[in-house]
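A.B. asks: Got a structure for you, questions after.
The values are calculated or read from the model by the stated rules, or taken from the named source; none is laboratory data. Keep in mind that what you see is a predicted model, and the values were worked out from it rather than measured. With ideal geometry, Cβ positions are generated from the backbone for all residues, glycine too; neighbour counts draw on all protein chains shown. What goes into the accessible areas is simple: the full protein's heavy atoms, side chains included, and nothing from ligands, DNA or RNA. Shrake-Rupley method; radii C 1.70, N 1.55, O 1.52, S 1.80 Å.
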Amino acid sequence: MPRLDGVSTQSEAPVRRPSRLRRVVRTVAHDLLIVEPDPLPRMRRPRWLAYLPHCLVGYGAIFFTFLVTQQLSEHYDLRGGVPLALGLLTGLSVVVTMFRPMGGFWLATGTTVWIAVVTRPHVTGGQTWPWLPGGLPAFALVVLLVSLRVPPRVTVEVVAVVVALTGIASTVFRPPAGTAATFTEVLLLFGVAGLLGYALRAVRLARGQLQEQETLTEAERARRTLLEERSRIARELHDVVAHHMSVISIQAQVAPHLVENPSEELKENLAGIRQNALEALTELRRVLGVLRSEQADDPANPHHPQPTLADLDALVDNVRGAGLEVTTERAGTSRPLTPGVELTAYRIVQEALSNCLRHAPGSRVEVGVVYGPRDLHLCIANSRPTRPVQASAGAGHGLLGMRERAGMLGGELVAGPRPGGGYEVTAVLPMDPADRPADTTGGTA
């Protein structure tokens, strides 16, 4: 039938899809001919036994090399270099399978076929053919190593190829009378090796997926803890900023009454200042309402004046009442700091002491506060715990919050184990954060 554009379609042949059998054959051929590197995985625990499987396979390769060579020489009366060559190829196939599964499988298959060809004229009654007594376990080890790293479909194909070759050799090339049959042994032995390899591979993959999921969960827990700490910081800083904005608003309202005959321009400017302060307070309350709506009952919700370093003695007394020996030391000229620095310093000391209670029971804790010319230095150090450490229900990311607070002010925080045992947290906070560059990384170190 002619097409509308005048071009005939008689020469256009319909596209034929490959038959199902052809697709199956193509898939099987693709599976069996892949010889890409796939090293045998190491043991993860304990680490000093990481290469134990490789050592065992290497010893097995050496053992089967000598065993096949001896059996070919003594049982099948082969002379010359053929027994040694076949024995070396048997061991080499086991070693190659550790790194290239399908490459080692085809090398072992070719070696087995060669052994069957050279031993057939020498087979006598009671001997096995086409498999050697030592060739069966060697090839079973190859099947096991292959099934550890290939999908179950490929394992079934590998076992099917070996069983099919054994059946062809036993039926087409009939062995001499009295020769022991090996078809049943091949089917059972290689089937068990394939199932064992499949089970071990499934366990290894399940452990890998579990470890990956645990890593993702840990990262998500750290991210959630960091976001919660940032929300808490935002709620706390709201009160600090709101206090100053309220003071600005009140001062702008009172200022005209403190000046005799204030000008209209002054009144207008002060009214504008007061209006901007009130609008800023409104926006702060709106944003804080979003943060508080998720955790309205959070005890950290700042509905009261925020603590400062003046409350540090009360905090230390509470920790001493919980059974921890704490000593404090102050140096430098103590003076009032900006509300943000006071609150951040208090929270860092509070979190560090809480960690000592959880992770170092019975230890001695030293808290140092040093007022420098421009920076405030904090140091919280504890000795080794003297009592067993109980399991903690916390997320374990308190350091993230401390670093976030210090970085917000342009300061630094370092935490780590002490050389003589114990743990130490050191922080440096600028007394005037406005003189320091803002943290633009959006995260913690």
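A.B. asks: Before we move on, is T426 at pLDDT below 90 and at negative phi?
C.D. replies: So T426 does not fit the description; no.
A.B. asks: Filter the range 413-428 down to residues that are open to solvent by 30 Å² or more (accessible area, probe 1.4 Å), over 26 Å from the mean Cα position of the chain (by Cα) and within 12 Å of S383 (Cα to Cα), then give me how many there are.
C.D. replies: Going through the range 413-428 one residue at a time, the tally reaches 4.
A.B. asks: Additional query: Does R100 fit the bill of being open to solvent by 10 Å² or more (accessible area, probe 1.4 Å) and either touching an Asp or Glu at 6+ places or on another chain (Cβ under 8 Å) or at pLDDT 95 or above (or both)?
C.D. replies: The answer is yes for R100.
A.B. asks: Evaluate the following for A300: is it open to solvent by less than 30 Å² (accessible area, probe 1.4 Å), among the aliphatic types (A, V, I, L, M), modelled with pLDDT of 90 or more and closer than 19 Å to G398 by Cα?
C.D. replies: no
A.B. asks: Another question, if that's okay. Which members of the range 312-333 meet the condition of being over 17 Å from L357 (Cβ atoms) and either open to solvent by less than 70 Å² (accessible area, probe 1.4 Å) or not in a helix (DSSP H, G or I) (or both)?
C.D. replies: E329, R330, A331, G332, T333
A.B. asks: Going through E220, E229 one at a time, which residue ends up being of a type in the set (D, E), part of a helix (DSSP H, G or I), open to solvent by less than 40 Å² (accessible area, probe 1.4 Å) and modelled with pLDDT of 70 or more?
C.D. replies: Only one candidate qualifies: E229.
A.B. asks: Do we find a residue being within 28 Å of V24 (Cβ to Cβ) and assigned to a helix (DSSP H, G or I) anywhere in the range 52-72?
C.D. replies: No, that holds for no residue.
A.B. asks: Right, another one. If I ask for residues that are open to solvent by 40 Å² or more (accessible area, probe 1.4 Å) and either on the phi > 0 side of the Ramachandran plot or in contact (Cβ under 8 Å) with a residue 60 or more places away in the chain (or both), which ones from the range 354-384 would you list?
C.D. replies: H359, R374
A.B. asks: Out of all the residues in the range 30-72, which are open to solvent by less than 50 Å² (accessible area, probe 1.4 Å), within 16 Å of P101 (Cβ to Cβ) and free of Cβ contacts under 8 Å to residues at least 24 places away in the same chain?
C.D. replies: Across the range 30-72, the qualifying residue is only P53.
A.B. asks: Hey, any hits in the range 19-35 for a residue that's in contact with a Ser or Thr (Cβ under 9 Å, 6 or more places away or on another chain) and of a type in the set (S, T, N, Q)?
C.D. replies: no
A.B. asks: Name the one entry in T155, T184 that is among the polar types (S, T, N, Q) and surrounded by fewer than 18 Cβ atoms within 10 Å (Cβ to Cβ).
C.D. replies: The match here is T184.
A.B. asks: Surrounded by 15 or more Cβ atoms within 10 Å (Cβ to Cβ), modelled with pLDDT under 75 and of a type outside the set (A, V, I, L, M, F, W, C): does that describe D439?
C.D. replies: yes
A.B. asks: What number of residues in the range 240-272 are in a helix (DSSP H, G or I) and open to solvent by 80 Å² or more (accessible area, probe 1.4 Å)?
C.D. replies: Residues of the range 240-272 in a helix (DSSP H, G or I): 240-258, 264-272.
Now restrict to residues that are open to solvent by 80 Å² or more (accessible area, probe 1.4 Å): 243-244, 250-251, 253, 257-258, 264-265, 267-269.
Count: 12.
A.B. asks: Can you say whether G410 is buried (at least 17 other Cβ atoms within 10 Å of the Cβ), in contact with a helix residue (DSSP H, G or I) (Cβ under 7 Å, 6 or more places away or on another chain), within 23 Å of R330 (Cα to Cα) and modelled with pLDDT under 90, as far as the supplied structure shows? Lay out the reasoning, then the answer.
C.D. replies: Numbers: buried (at least 17 other Cβ atoms within 10 Å of the Cβ): yes; in contact with a helix residue (DSSP H, G or I) (Cβ under 7 Å, 6 or more places away or on another chain): yes; within 23 Å of R330 (Cα to Cα): yes; modelled with pLDDT under 90: yes.
Yes: the conditions hold for G410.
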